[in-house]
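J.: Got a structure for you, questions after.
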Amino acid sequence: MSSGSGSLSRYIAIRILLVVPMMWVLLTLVFFLLRVAPGDPVSAAFGGKLSEEALDVRRHNLGIDRPLIVQYLEYLGQVARFDFGKTISDNRPVLDLVRDNGGATLTLTIGAFVFAVIVGIPLGRLAGRYRDSWGDIFIRLFGVLTYAAPIFWVGIMLVLLVVKLFPGWPTSGIASPITVFTVQPKTHVLLLDAIFSGDGTAISDVLKHHVLPCFTLGLLLSGVIIRLVRVNVIQAMKGDYVEAARARGIAERHVVRRHAFRNALVAVVTVIGLQVAATLAGAILTERTFNWPGLGTQLVKYILARDYIAVQGLVTFFALIVVLTSVFIDVINGLIDPRVRY
Amino acid sequence: MRNLLRQIWNTKGLARWILLTGTIITVVFVVFALFAPWIAPFDFNQTRDASGVKFEKLGSPGAGHLLGTNDQFFDIFSRVIWGARTALEVVLLSVILSVAIGVPLGLVSGFLGGWVDRVLVFVMDAIYTVPYLLLAIIFAFMLNDKLGSGIVAAALSLVAIYIPQYFRVVRNTTVSAREATYVEAARAIGAKPTTIMRKYLFGNVVQSVPVIGTLNAADAVGTLAALGFLGLGIQPNEASEWGYDLSRALDDAQAGVWWPALWPGLAIILLITALTLVGEGLNETLNPALRRRRLRKVQFTDRVRTSDTEEVAPR
C-alpha cells in the first residue's frame, strides 16, 4: 500500500467519526430492548412491595411516565454528557458505581492482562517456532482447554486447590475487612490507596487477594494470546524476508527474534486489542466467582434487583468502553504498522 | 445431504479422527439427553427418595449417590445427566433460530445491496462489537421478565448473539456470488429475484453454515452456563442447568467441598470440546478451499493448521 501520510490522518479521522453512529446504534438497541417491551422498570423493581400510588410517584420522579420518545432523547442527551442515569432501587448515580467499583475491575483486568501477556507471548512464540513438536502440541492443548473450560469453573477449581494446599491464602474479595477499613480512600482504586497509605501489611493483603482472580482471568486470556502469537509467528516465518535473513547467514535465533517475531507482534497487537470485549465478559464472570467488588458484581446485583435503569446505565458504560478501546487500538495500529505508515 | 455424507466418508487422516472423536462424545451426550429419565437414578428436582426420606445435604459421593448430593439436596449425577438434555434443547433451538433468521437476512441483504444492505451491515457490525456475554445478559434480563426463566427464554437470549455471524458470512458470499456468470445467465433467461435467491444463490452460500452452526453450538453451551452462573439462566425447578449448579457450588468450594462443582464443569468442557471438534472436522471436510489444498501434499498440513487455529479463536 503506497499511500501518503495524508491517508493515515484521514483513516484515523474517519475511524473516530464512525464512533458516533456506532454508539448511537448501540444506545438505541440497549434502550429499546430494555424499555420498549411491555411492563415498566418501577413495577419490575418494586412490584408487590409498594402500593400503586407509591409506584406512580416513583414513576413520575424517574420521568418514565412520559412518552418513550422523550425518554429516549433524554437518554441520548445524558449519555452525551457522560451521565448514565440513577439506579431505581437505591437511587445512586450509575457514575458513582463506576467510580466506586470501577477500580476493582480495572486492577483485576490489568493484572490478568499482564499475566496473560507474560505467559502467552513466550509460549506462543515457542509453539510457533518449534511447531508440531511435543511442546507445541502441549501448548496448543492448553490453549484449547482454556477455550473449552468455563472461566468460573476454572476459578472454582483453583479455589478448591488453594483451600487444600495453602489454607489461609485469600480466595474471596479484594481485601480483608480490616484493610478496607483502615486504608484511606483517595483514588477509589484500593490497590493504589493501599500503596499511598504506605502500610506494608495492607499492600501485601490487597496484592494477595489479587493473585487468584488475576491468575484465573489471565489463564483465559493467555489461551487466546498463545493461539494468536503462534499462528502469526508461523505465518511470519514463511515470509520472504525471513528466508532472506537466513540467506544472509544470520543465526536462527536472531532470525526468529528480530525478523519473524517482531512482524508477528504487529498483527498480535491488533487482535489483543479486540480482546477487550472478551476480557470484560471474563471479568464479569471472574468477579462473581471470587466475590470481587467490581462493576461485574454490581451488574449482577442490579440484575437480580431487576433495576432497569442501573442495568441500562452499566451496559451503556461497558459498550462505550469497548467501542472506545477498539477505536484506540485501530488508531495505534495505524500508527505502528509500517505498512500503513509508509 | 448425500453429497455431504460422501464428503465426510472420504475424509482422511487428522480431519477424520477429529470428526470421529467429536461425534462420538456428542452422541454420548445426545443419548444422555434423550434417555435421561432412564439413565438418571432420580429426577432433576428430586430431594427425597421413593420412601420419602430426604437426601443428605452435601452428601459425599458413594453408595446411593454416585457423585454425591449438593447444597439443595439434589443428586449430582442425576443433575448432570438431565443437564445434558437442557443444554442440547437450548443449543438446538438457538442454533436453528439464528440460522433461520441470519441466513435469509444475509442472502437478501447481499443480493439487494443498496441502502438496505448498508444499514443492515452497520447494525450487525454494531451488535458484533458488544461483548457477546453482555448482549446475552441484556436479552436474558429482558426475556426473564416477559417469558419466565425457562428454556425458550434462554435460547432466545443466545439467538441474538449468533445472528450477526450467519448474516456476515452469508452476506459476503452472496455479494461475491451475485456477480457470477451463472447468476447473470439466470437473470438473462428471465428468472425472478426470488428464484435466483432460492435456486441459484442459496445452495452456494449455505456451504459454511454447518461449520458455523457447530462452532456456535459449542459457544452456546458455554454462554448458557455463564448466564446460569450469573443467575439469569434456567431456574432449578424448571430444568437442570450446569451453570446454575456451579453458581450454587461457589460457597461450598470456599469451604473445600469439591464434588458439587467438579462434575457439571467437566460435562460443560466435554460437550464444548466435542462440538468444537465436530466443527473443526466439518470445516476441514466441507470447506472447498481447504479441501482443494489437500491434494497438494506439501502444503496440506500448513494450510489446514493455520486456518483451523484462526477459526477457533473466539472474538
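The values are calculated or read from the model by the stated rules, or taken from the named source; none is laboratory data. All figures in this text were calculated on a predicted structure; none of them were measured in a lab. Cβ coordinates were reconstructed from backbone atoms using ideal geometry, including for glycine residues, and neighbour counts include every protein chain displayed. Keep in mind that these areas ignore ligands, DNA and RNA; they rest on the heavy atoms of the full protein, side chains included. Shrake-Rupley method; radii C 1.70, N 1.55, O 1.52, S 1.80 Å.
J.: Roughly how large is the B-A contact in terms of buried accessible area, totalled over both chains, probe 1.4 Å, nearest 100 Å²?
T.: 5000 Å²
J.: Residue-wise, which Karplus ³J(HN,Hα) couplings in Hz belong to segment A:179-194, taking 6.51 cos²θ - 1.76 cosθ + 1.60, θ = phi - 60°, and x for glycine or proline?
T.: 5, 4, 6, 7, 6, 6, x, 10, 9, 6, 10, 4, 4, 5, 4, 5
J.: Nearest 500 deg cm²/dmol is fine: what mean residue ellipticity at 222 nm does chain A get from its DSSP H runs of n ≥ 4 alone, each adding -39,500 (n - 2.57), divided by its residue count?
T.: -25000 deg cm²/dmol
J.: Let me ask something else about it. Under 12 Å from a point placed 7 Å out from the Cα of A:Y11 along the Cα-to-Cβ direction: which residues of segment A:299-330 have their backbone N that close?
T.: A:330
J.: Could you compute the FRET efficiency for A:V19 and A:R253, with r as their C-beta to C-beta distance and R0 at 45 Å, rounded to 0.05?
T.: Given R0 = 45 Å and the Cβ-Cβ separation, E is 0.60.
J.: Expressed as a whole percentage, what fraction of the accessible surface of segment A:168-258 belongs to carbon and sulfur atoms when a 1.4 Å probe is rolled over the protein heavy atoms?
T.: Roughly 63 percent, rounded to a whole number.
J.: Among B:S51, B:S78, B:S247, determine the one that fluctuates most according to a GNM of chain B built with springs between C-alpha atoms less than 10 Å apart.
T.: Comparing B:S51, B:S78, B:S247 in a Gaussian network model of chain B, the most mobile one is B:S51.
J.: Ignoring everything except DSSP H segments at least 4 long, calculate the 222 nm mean residue ellipticity for chain B; use -39,500 (n - 2.57) per segment, divide by total residues, nearest 500.
T.: Helix-only estimate at 222 nm: -24000 deg cm²/dmol.
J.: If you don't mind, another one. Using +1 at the Cβ of each Lys and Arg and -1 at the Cβ of each Asp and Glu in segment B:2-286, identify which of B:V27, B:F139, B:A226 lies farthest towards the dipole's positive end.
T.: Positive-end residue among those listed: B:V27.
J.: In whole percent, how big is the carbon plus sulfur part of the accessible area of segment A:47-102, probe 1.4 Å, protein atoms only?
T.: Roughly 56 percent of what the probe reaches on segment A:47-102 is carbon or sulfur.
J.: How big is the dipole moment of chain A about its Cα centre under a simple scheme where the beta carbon of each Lys and Arg is +1, that of each Asp and Glu is -1, and everything else is neutral? Debye, nearest 20, please.
T.: 1360 debye
J.: OK, next. Among all helices in chain B defined by DSSP H, which have a length of 20 Å or more along the axis from Cα atoms plus a Kyte-Doolittle mean of at least 0.0?
T.: For chain B, where a helix must reach 20 Å along its axis and average at least 0.0, the hits are B:13-34, B:76-112, B:114-129, B:132-147, B:151-178, B:209-229, B:259-286.
J.: Could you check which residue among A:R306, A:R66, A:R35 shows the biggest mean-square fluctuation in a GNM of chain A with a 10 Å Cα cutoff?
T.: In this elastic network of chain A, the residue with the biggest mean-square fluctuation among A:R306, A:R66, A:R35 is A:R66.
J.: Give me a comma-separated list of calculated 3J(HN,Hα) values for segment A:160-165, in order, Karplus coefficients 6.51, -1.76, 1.60 applied at θ = phi - 60°, integers in Hz, x for any Gly or Pro.
T.: 4, 4, 5, 4, 6, 8
J.: At 1.4 Å probe radius, can you tell me the per residue accessible area of segment A:64-113 in Å²?
T.: Heavy-atom SASA per residue in segment A:64-113 reads 49 Å².
J.: Could you do me a favour and compute the accessible area per residue for segment B:200-268, 1.4 Å probe, result in Å²?
T.: Result: 27 Å² of accessible area for each residue.
J.: Taking the simple approach of a point 7 Å from Cα along Cα-to-Cβ for both A:S176 and A:V57, what is their distance in nm?
T.: So the two model labels end up 4.6 nm from each other.
J.: Taking θ = phi - 60°, what integer Hz values does the Karplus form 6.51 cos²θ - 1.76 cosθ + 1.60 yield along segment A:214-222, in sequence order, with x for Gly and Pro?
T.: Running phi through 6.51 cos²θ - 1.76 cosθ + 1.60 with θ = phi - 60° gives 5, 4, 4, 5, x, 4, 4, 5, 5 Hz.
J.: Less than 24 Å apart at the alpha-carbon level, and either on another chain or at least 8 residues along: which lysines does that give for A:K238?
T.: Candidates past the 8-residue exclusion: B:K297.
J.: In addition: Can you flag which of A:K208/B:K57; A:K164/A:K301; B:K57/B:K146; A:K49/A:K86 are past 24 Å Cα-Cα?
T.: Exceeds cut-off: A:K208/B:K57; A:K164/A:K301; B:K57/B:K146.
J.: Continuing with the same structure: From other protein chains only, count the Cβ atoms within 10 Å of every residue's Cβ in B:223-233, then give the mean.
T.: Other-chain Cβ atoms within 10 Å of each residue's Cβ, averaged: 4.
J.: Let me ask you something else. Determine, from the Cβ-Cβ distance of B:W38 and B:A185 and an R0 of 56 Å, the FRET efficiency 1/(1 + (r/R0)^6), rounded to the nearest 0.05.
T.: With R0 = 56 Å, the Cβ-Cβ based efficiency is 0.50.
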